[in-house]
Every structure is written in structure tokens, then in C-alpha cells.
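Working notes for the structure below.
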Amino acid sequence: GYSLSLQEQSIVRSLLSVMVMVVGSSKSLSRSLNELAYYAEHDPLTGLHNRRYFNEILEYELDRSARHRHDFSLLSIDLDNFKLVNDGHGHMVGDQVLVHLSQVLQKGLRKGDILARIGGDEFTVILAETTAEKATIVAESLRAAVKSYDFSILSAENTSVHVSISVGVASYPNDADSINDLVAGADL
């Protein structure tokens, strides 16, 4: 194996001791690294997967479906009038709406479905081995679940908070056979 010279060893030792000083201990160093790894793939507000992770999984799903000749579908979910919620109730309520919305969406999905938050009020779902017909049923049930959820508990004055979503559906290979076309199709 490769052995470090005495000089290299002392450099490594002093670097490590500086890192431990900065972070406090090797335990919290490893915790910081774990958090970094977590937030590289997750959205800090909702705990959902983020755009970067979504893009990786979408690529993987496209390859897998092409190999096995499976259908799969993509849902593009937008909050209607989210600006009105933020303006009318403030950003803290707006953030809570996003948190609760992500829980409502997650509840309405199957175990293997991938839900990600890819922008402010934009969410997306990868439905593995799911045809356009089935995806449309899922989209409709998510829309209904959000409609029936009472977001008014989030506002201090118990004023009504109106939240509804629009959902776009695109399916591979029927609607598109590339990632860009799929995403564009679902957004459309």
C-alpha cells in the first residue's frame, strides 16, 4: 500500500484537528456529513426529494422502462394561486401549506411512487409501471384529496385558506420517449 511521509502525516493530523475544532467532535463531523448527503437529495422544508434526486431517478426509470418495455407516467403538480396564499396569510402559513400539501400527496401515493418538490410550489411524481389511464386516476384522486383537506387550521385567525392543485400527466412511451419531452408534456 501507499504510506505517507512523516511530513504528510503531520499535515493530515493538523487538518483533522482543525476540522474537529471547527465541528466540535468527530461524531458531529459525521453527523454534518450525513446531513449534507441528506440535503443533497431532499428539500429542507417538506423533506421530499428535490429536483436533483428527481432528475436522477427519472433517468433511471426511463432506462429501466425502455429495457423492460414498461410504461411509466409522470405527474406535474402545481398549486393554484399560491401567491394569493402567501400574500393573504404570510410566508409562514405558505410554508405550512406546502408541508401539509406534501403529506396529503404522499398519503395518496403507493409505496414505490416518487414524489419530489422541484420548485417553489411545483411538485412532481414518478409513477413506475403505470399507464396513462391509471396515472389519470391517481391524478384525479390527488386533486380530490387536496380539495377535501382543510388547510384553514394553518391560519391563526382560522380564516379560510383555499388550496387546490392542477395536475398534468405524461406517459412513456406513448406521449414521449425522452426525459425533456416527458417533463414538457406533463407541464403542458
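Points to keep in mind about this one:
- Normalised by the number of residues in the stretch 1-136, the mean separation of alpha-carbon contacts (under 8 Å, six or more apart) gives a relative contact order of 28 percent.
- With both residues required to sit in the chain, DSSP beta bridges show an antiparallel share near 95%.
- Eligible lysines near residue 134 by straight Cα distance, threshold 18 Å, same-chain separation 8 or greater: 107, 111
- The candidate values are (1) 1.36; (2) 1.07; (3) 1.11; the one derived from this structure for Cα Rg over 2.2 N^0.38 Å carries the label (1).
- By a 1.4 Å probe calculation restricted to protein chains, residue 129 has an accessible surface near 100 Å², given to the nearest 10.
- Expressed per residue, the C-alpha convex hull volume of the stretch 90-155 stands at 80 Å³.
- Signed unit charges on C-beta, dipole axis of the chain, positive-most listed residue 74, 37, 159: 37
- Inter-label distance for residue 109 and residue 45, nm, one decimal - labels placed 7 Å from Cα along Cα-to-Cβ: 1.7
- Largest first, the three principal axis extents of the alpha carbons in the stretch 22-87 are 50, 44, 11 Å in whole numbers.
- Leading residue at positive end of dipole, the chain (Cβ point charges), from 16, 124, 46: 16
- Counting only Cβ charges, +1 for Lys and Arg and -1 for Asp and Glu, the dipole size of the chain around its Cα centre is about 740 debye.
- With all protein chains kept in place, the per residue accessible area of the stretch 86-141 amounts to 49 square angstrom at a probe of 1.4 angstrom.
- Sites residue 13 and residue 56 - FRET efficiency at Förster radius 45 Å, r taken between beta-carbons, to 0.05: 0.75
- Sulfur and carbon atoms: percent of accessible area, the stretch 44-188 [1.4 Å]: 50
The values are calculated or read from the model by the stated rules, or taken from the named source; none is laboratory data. Computed from a predicted model, the values in this text were never measured in an experiment. Cβ atoms come from the backbone with ideal geometry, glycine included; neighbour counts cover every protein chain shown. Protein only, heavy atoms only, side chains kept; ligands, DNA and RNA dropped before computing areas. Shrake-Rupley method; radii C 1.70, N 1.55, O 1.52, S 1.80 Å.
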